[in-house]
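Worksheet for the structure shown next.
The values are calculated or read from the model by the stated rules, or taken from the named source; none is laboratory data. A quick note: this is a predicted structure, and the numbers were derived from the prediction, not measured. Here Cβ is always computed from backbone atoms with ideal geometry, including for glycine, and neighbour counts include all displayed protein chains.
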Amino acid sequence: MLDSVLTIKHLEVSIKSRDGLVNEVTRDVSLDLGKHEFVSVVGPSGCGKTTLLRTASGLRMPSGGEVLFEGKLITDVPQGISIVFQEYNKSLFPWLTIAKNVAMGAREYSSAEREKRVEAALGQVGLKGFATRYPWELSGGMQQRAALARAMVSNPRVLMMDEPFASVDALTRNHLEDVVQKLWTDSNFSALMVTHDVGEAVYLSDRVFVLSARPSTILAEIKVDLPRPRSQIETRKMLRFVELQAEVLERVEEAGRQSVGIENYD
Ligand SMILES: Nc1ncnc2c1ncn2[C@@H]1O[C@H](COP(=O)(O)OP(=O)(O)OP(=O)(O)O)[C@@H](O)[C@H]1O
Ligand SMILES: [Mg+2]
């Protein structure tokens, strides 16, 4: 892609476990993330989605292939990439207030600038009145909003999310999807999201990649041609939404059958 922000080329990741065995997690994954594009990655449990995100963000080095961020080889987590992890209860510091947690994402700014950014980020995620609270005083959904604010406070060019809403109830999840959608619409960042929720992937994305079972390769790339802005009620009842969801689901199930062996699948 001409204006690709993040390029993952023939990525290969093998992890050596403590007993010395080498576990081939990712065999050959290539994908690119365009400027202000929203891309999701789905695939069976254990196929290497988290490993892919960790490698794409520079937290882990690949065994083969490469990751380029704005044309430069990634060797460490670069400024400009923010990550939201699944477990909000582990990603926020319990001894810091929400404002101080969010400020951790903006350490490179002067304190006046930081304060301004923290306030704006809390406003963007709907947590304006919660700056002085502690994470444990907030619901799970609100903690995940805080984690999003911390990721957004540095004004990233790429926002990566690893199953960010997996631990909240369905209604809260829909609200949080719309928080992310609004952040993305109002800003200029590109999003790379891992999710196991096929409907969520289709609802938010421009393209959805389906990973095969481990060692993972790209099984399918599905373009989501749904109009924006999208709304939970209107979009999810569109025939095209239902068709796309079924298409992605079919490919994920295909990958799932590979991983457990078709003979004992049902
Ligand atoms: N630090 C590690 N040491 C050893 N093996 C690892 C390590 N991290 C990941 N793995 C192996 O890599 C494989 C893929 O793990 P990963 O967490 O990337 O999968 P996933 O697709 O994110 O799974 P899930 O859907 O359950 O979140 C697993 O089989 C796991 O055993
Ligand atoms: Mg994972």
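A few comments on the model shown:
- Qualifying residues in the stretch 38-59 (those that are away from ligand 2 (no atom under 13 Å from the Cβ) and among the hydroxyl-bearing types (S, T, Y)) - the one surrounded by the fewest Cβ atoms within 10 Å (Cβ to Cβ): S57
- Residue among E66, E119 that is free of Cβ contacts under 8 Å to residues at least 60 places away in the same chain, away from ligand 1 (no atom under 16 Å from the Cβ), closer than 21 Å to S154 by Cβ and outside any loop (DSSP other than H, G, I, E, B): E119
- On inspection, D3 qualifies as more than 10 Å from ligand 1 (Cβ to nearest atom), at pLDDT below 95 and acidic (D, E).
- Residue ID - nearest to P156 (Cα to Cα), chosen from residues in the stretch 191-200 that are out of contact with any Asp or Glu (no Cβ under 6 Å at 6 or more places or on another chain) and within 14 Å of ligand 2 (Cβ to nearest atom): L192
- Filtered by the rule that a residue be of a type in the set (S, T, Y) and more than 24 Å from E177 (Cβ to Cβ), the stretch 107-141 gives Y109, S110, S111, T132, Y134.
- Scoring V84 on the criteria (1) among the aliphatic types (A, V, I, L, M); (2) touching an Asp or Glu at 6+ places or on another chain (Cβ under 8 Å); (3) away from ligand 1 (no atom under 16 Å from the Cβ); (4) closer than 16 Å to Q144 by Cβ leaves a single failure, condition (3).
- Flag if D186 is touching a residue at least 40 places away in the same chain (Cβ under 8 Å) and surrounded by fewer than 17 Cβ atoms within 10 Å (Cβ to Cβ): yes
- Being crowded, with 21+ Cβ neighbours inside 10 Å, touching a residue at least 40 places away in the same chain (Cβ under 8 Å) and under 23 Å from V198 (Cβ atoms) holds for only one residue in M160, M152, and it is M160.
- Strands (runs of 3 or more DSSP E) contained entirely in the stretch 143-236, each with at least 2 residues that are more than 25 Å from P78 (Cα to Cα) and over 17 Å from the mean Cα position of the chain (by Cα): 216-223
- Test: residue in the stretch 197-216 that is within 15 Å of ligand 1 (Cβ to nearest atom), surrounded by 19 or more Cβ atoms within 10 Å (Cβ to Cβ), under 24 Å from V125 (Cβ atoms) and among the hydrophobic types (A, V, I, L, M, F, W, C): yes
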